[in-house]
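Student: Here's a structure for you.
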Amino acid sequence: MVVPPGTQASRKGRHVAKNALSTRRVEGIGEGSLAATFARLLQLASEAVVAFDGAGRVLLANDQATSLLPHREAEGLAGADVRTLFPPAGSIDPEAPFSVDALPFPVDGTPAVVTMASHMGEAMRLRVRCDRVQAARVRCDRVQAAGETYVVVALPAESQSLEERQGERDLDDLRRANKRLAGALRIVLDTLDSRDVATLFSRVLEEITQTMDADATIVYLAESDGFHLRGISKSLEGARVPHFMAYGKSVETLATRAGHALRLRVKPPEPQTLRQGKIRVSEVVDEETREILHIRKNLLPPFASFFAVPVWFGGHVIAIIEVGWSRPRPLDTDDARLLDSVAHYLSVQLMGAFSTMRQQRAERLNQRGSELREELLDASEADEDLAERAEQAFVQAADELDAVYVRLEQNVHQSVLVAELPVTGMRAVPIDLDAAEEGHVEDDVAVVPVLAGTNVYDVLRDLGEPCVGALVDAGKLAGERRCCLVLRPDGAEPLDAGELAFLGTLAGDVRDIFLGEERREKDKRISQALQTGMRNVLQHVDGLTAQGIYSSATESAFVGGDFYDLIRLPGRRACVIMGDVSGKGVEAASVSAAVKTALGAYSWEGLAPARMVRSLNEFLLGFSRIETFATLFVGIVDLAASTLTYCSAGHPPAVLVRAATRQIDLLDVQSGVVGAFHDMEYRDGVATLCEGDILFLYTDGTTEARSPSGAFFGEDGLRDMVSAETAGDFDGLLDRCLARLDDFTGRNLNDDVSMVAVRFDELGAGA
């Protein structure tokens, strides 16, 4: 937690200015144990007070009880049998089972007079009131109390001559003291070791309200910028309660300076002030110092009289509790002391709840941010309007923060910002973005808090618009600056550090996804340009008939690394190439283009296939700046000699279909891949050709195609397909093969597929 300036405990002897926050620390706050807290509560009473459990065992007692009531314990009343404290000691059988019915007074809160023996053995009359503490939700294993818990308040009875009116007043005071102590006990028991935020910010507020006979209770927690509303009692639902108190500007200043619970009264406005119109400032009286303070009305709770109780922890004020009444009434100093003791105990509980609440909020914002990012990515992959989806994401983010989204657009003709404002509608907004964002830009994204004192705040407030929140700018994307306002009404709680970070992360995600989409579109255009002329146009070679086909794994995919070519060479020779470069996109396409160009040059030099591949290997190892390799089939066809000399470098074995017998031969002389290692060995293979034979080349996307059940097409499927389809017309051969693959996979290829078929029509020297 960020601690506000001015709340640190002062050093001894430090001078404090009159209007500065007090640096005095309430001694012992936040450091007491449960037992110490109880004891401190009991000592606040001027009457004798005893707390005992359902077994009659005294749990706690104050000094007044020790002095007034007879007992035999040398170290006080704790642990004594409560029965021995009121009737004459001789009439009690300590071995008899305890029952509240045996006590000489009722335990339902009804006042009673008890006659008993004093320390000196003389008769003594006491006014007694005993109440049972409702503790249905108490963790009794921690309290170490058997059954119910009872509180007894006792004081000596007045003389017979005391006026009846005074006696009734005493009894009222007794009842009131009993209620206060019982209520304080319930608060402690209800919150024992609690980390439940709902408990601390709902039930405890109701308990305080009932205990103090108040109209309502409010709690604020400290953040880096001020005190934020975190709970109200049910009676205030629907009422106007300030959501935020900045440091140094409201009740929190008075309570911190005093260091203890303040008794405050709001003076009603003078008739002349009422006639002047709207009241902006109220006069507040400090009942302790009689000082009159002027505080903005919109920063005051809806009370005429109220306690402002600072909650200290580790030398800092971490919370302010306000307990109030709608009508003016005198506020008792004993009640102020009681509330200080309650705050003393609640400090540890509030600190734990505070941490839990912040953690839960952070987790919620992280989860929501991840959801919005996934929705943006889905929109990008589905080719939806990304600009529209990004705006929807900011609208949803604003809703999460209980704020309103306002899009800012630049009017390029007038060089001003325009916006559809929540109150006044479409209009110019005179904000200098560059000036406002100075010092707030990180990774080309700006998130600027909009707070009182900033230019953006002043502009919006003057327009009568919500003016607390943040300015968010994701920069120029797709030719347009993407910026917006996320706003709450004036006087509302500012966005905290976690909420600002949430908006910053969303803006960064929007920017990344926009830029990623732009890069993908650019890569697609480049890849398609690189691929043009690189495949799908096989040169005409006399004596050969050839066809090629390519199919992408996805409809939206752009060019990958598959390529093929047929190059006409002098002397009735030709070079046929099939290759597959690892990767996708621009890098793979550029390497494919380089490989195809290099092989074309090597083939015209008259090099053997193995020599061509060896040269290409060294070329690739120096060409690509990333780890890229390729599989290749390079074949030199000599129509005059009726031979095919080939080098298969890590590529699937080519298939040679014999025209005469329909036999399928695999060209299985294999070498390693290209572009992976220096000094790789490459070998040539030679096949004899006959007229009508068909050479079938393919990439591994063919054999690795999967059916919906997960089965591979495999080499057996390839043989069956080639055998069946080459028996038909050569025209349309590859289209029929691709249709077979589509049927097998359910039209769901998981890799790109390329195929080339070459038929040898005219062979021999005399052809």
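Student: At least 2 residues that are within 25 Å of residue 511 (Cα to Cα) in each: list the strands (runs of 3 or more DSSP E) lying fully within the range 394-477 that qualify.
Tutor: 404-411, 416-421, 445-450, 468-477
Student: For the range 288-299, does any single residue satisfy the condition of being crowded, with 20+ Cβ neighbours inside 10 Å and in the same structural domain as residue 264 (by TED's automatic domain parsing)?
Tutor: Checked against the condition, which is being crowded, with 20+ Cβ neighbours inside 10 Å and in the same structural domain as residue 264 (by TED's automatic domain parsing), the range 288-299 yields no hits at all.
Student: If you go through the range 648-666, how many residues are without any contact (Cβ under 8 Å) to a residue 40 or more places away in the chain, in a strand (DSSP E or B) and closer than 21 Å to residue 616 by Cα?
Tutor: Residues in the range 648-666 being without any contact (Cβ under 8 Å) to a residue 40 or more places away in the chain, in a strand (DSSP E or B) and closer than 21 Å to residue 616 by Cα: 3 in total.
Student: Moving on to the next point. For the range 685-726, what are the residues that are in a loop (DSSP other than H, G, I, E, B) and either surrounded by fewer than 18 Cβ atoms within 10 Å (Cβ to Cβ) or touching a His at 6+ places or on another chain (Cβ under 6 Å) (or both)?
Tutor: 690, 691, 692, 704, 707, 708, 709, 710, 711 - these are the residues of the range 685-726 that are in a loop (DSSP other than H, G, I, E, B) and either surrounded by fewer than 18 Cβ atoms within 10 Å (Cβ to Cβ) or touching a His at 6+ places or on another chain (Cβ under 6 Å) (or both).
Student: Out of (1) part of a strand (DSSP E or B); (2) not assigned by TED's automatic domain parsing to the domain that holds residue 658, what's the single condition that is false for residue 765?
Tutor: Failing condition for residue 765: (1).
Student: Of the residues in the range 301-334, how many are more than 16 Å from residue 256 (Cα to Cα) and assigned to a loop (DSSP other than H, G, I, E, B)?
Tutor: The total comes to 11.
Student: Same structure, new question: For the condition in a helix (DSSP H, G or I) and at pLDDT 75 or above, what is the one hit in 589, 594?
Tutor: After ruling out the rest, the residue left standing is 594.
Student: Follow-up. Which residue out of 666, 738 is at pLDDT 90 or above, farther than 28 Å from residue 608 by Cβ and surrounded by fewer than 20 Cβ atoms within 10 Å (Cβ to Cβ)?
Tutor: None of the others qualify; the one that does is 738.
Student: A further question follows. Just to check your reading of the model, which residue among 698, 682 is aromatic (Phe, Trp, Tyr) and closer than 28 Å to residue 738 by Cα?
Tutor: 698
Student: If you don't mind, another one. Out of the residues in the range 465-489 that are at pLDDT below 90 and of a type in the set (Gly, Ala, Ser), which is farthest from residue 431 (Cα to Cα)?
Tutor: Per the stated criteria, the residue is 478.
Student: Output the residues belonging to the range 652-663 that are within 16 Å of residue 759 (Cα to Cα) and surrounded by 17 or more Cβ atoms within 10 Å (Cβ to Cβ).
Tutor: 654, 655, 656, 657
Student: If residue 309 satisfies every condition in (1) under 14 Å from residue 250 (Cα atoms); (2) at pLDDT below 90; (3) among the hydrophobic types (A, V, I, L, M, F, W, C) but one, which is the exception?
Tutor: Condition not satisfied by residue 309: (2).
Student: Just need a number here: residues in the range 518-558 that are modelled with pLDDT under 70, in contact with a Phe, Trp or Tyr (Cβ under 9 Å, 6 or more places away or on another chain) and not in a helix (DSSP H, G or I).
Tutor: Qualifying residue count for the region: 3.
Student: So, in the range 618-640, of the ones that are over 15 Å from residue 569 (Cβ atoms) and either charged (D, E, K, R) or at pLDDT 90 or above (or both), which residue ends up surrounded by the fewest Cβ atoms within 10 Å (Cβ to Cβ)?
Tutor: By that ranking, first place goes to 625.
Student: Here's a follow-up. Given the options 365, 372, 346, name the one that is aliphatic (A, V, I, L, M) and closer than 23 Å to residue 207 by Cα.
Tutor: Every option except 346 fails the conditions.
Student: Just to check your reading of the model, which residue among 314, 324, 352 is surrounded by fewer than 20 Cβ atoms within 10 Å (Cβ to Cβ) and closer than 20 Å to residue 252 by Cα?
Tutor: That would be 314, the only listed residue that is surrounded by fewer than 20 Cβ atoms within 10 Å (Cβ to Cβ) and closer than 20 Å to residue 252 by Cα.
Student: When only residues in the range 573-605 that are surrounded by fewer than 17 Cβ atoms within 10 Å (Cβ to Cβ) and touching a residue at least 24 places away in the same chain (Cβ under 8 Å) count, which is nearest to the chain's Cα centre (by Cα)?
Tutor: Once the filter is applied, the top-ranked residue is 600.
The values are calculated or read from the model by the stated rules, or taken from the named source; none is laboratory data. What you are looking at is a predicted structure, and each value in this text was computed from that prediction instead of being measured. Backbone-built Cβ (ideal geometry, glycine too); neighbour counts: all protein chains shown.
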